[in-house]
Every structure is written in C-alpha cells, then in structure tokens.
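Below is one structure, written out as structure tokens; comments come after it.
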Amino acid sequence: MRTHLTLADLFWAVSLVRLKYLGLAKLWSDLPTIDAYLERLLELPSVQSEVLASTISSMPRSDYLAA
C-alpha cells in the first residue's frame, strides 16, 4: 500500500527538521514513532532537496543536524 504525501506531512517535515536543528529532538525522545516518522519524511527526495537542503544552506551549521 502506497501512502501519499500531504500538506500536513510537509508542515511536520519543516517543523521537525527545524526543531532537530535547534537540538530539540529530545522533546520526542520518548516517542519513537515521531522519530521514525521524521526518518521516513527525510527519505523523500522532495523533503531532502527543499526542506533539509534549504535549512542547511540558509543557517549556520548545527551539530544536531549534522547528517
């Protein structure tokens, strides 16, 4: 079964990447499904090229997002 990317997924991709960038991934450290969800989102080429790449290129380096 294939799932479809929604606007909500894109919103959460941006929000979770930015929170991780700031070192706040500890907020969901006891919620493994959130981390798994983020990892699935980060596998998507559109999220990699637009969300992750733009975050990395437009902000100072973050040790929390050093992937």
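Table: residues versus (1) in contact (Cβ under 8 Å) with a residue 12 or more places away in the chain; (2) in contact with a Leu (Cβ under 7 Å, 6 or more places away or on another chain); (3) assigned to a loop (DSSP other than H, G, I, E, B).
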{"position": "L10", "(1), (2), (3)": "yes, no, no"}
{"position": "L16", "(1), (2), (3)": "yes, yes, no"}
{"position": "G23", "(1), (2), (3)": "yes, no, yes"}
{"position": "R40", "(1), (2), (3)": "no, no, no"}
{"position": "L52", "(1), (2), (3)": "yes, yes, no"}
{"position": "S57", "(1), (2), (3)": "no, no, no"}
{"position": "P60", "(1), (2), (3)": "no, no, yes"}
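Residues of the stretch 21-34 being open to solvent by 70 Å² or more (accessible area, probe 1.4 Å) and either aromatic (F, W, Y) or touching a helix residue (DSSP H, G or I) at 6+ places or on another chain (Cβ under 9 Å) (or both), which ones?
L22, L27, S29
Can we say R40 is modelled with pLDDT under 90 and open to solvent by 80 Å² or more (accessible area, probe 1.4 Å)?
No: the conditions fail for R40.
The values are calculated or read from the model by the stated rules, or taken from the named source; none is laboratory data. Owing to the predicted nature of the structure, the values given are computational and were not obtained by experimental measurement. Don't worry about glycine lacking a Cβ; one is built from the backbone with ideal geometry, like all the others, and counts go over all protein chains shown. The area values use the complete protein model at the heavy-atom level, side chains included, leaving out ligands, DNA and RNA. Shrake-Rupley method; radii C 1.70, N 1.55, O 1.52, S 1.80 Å.
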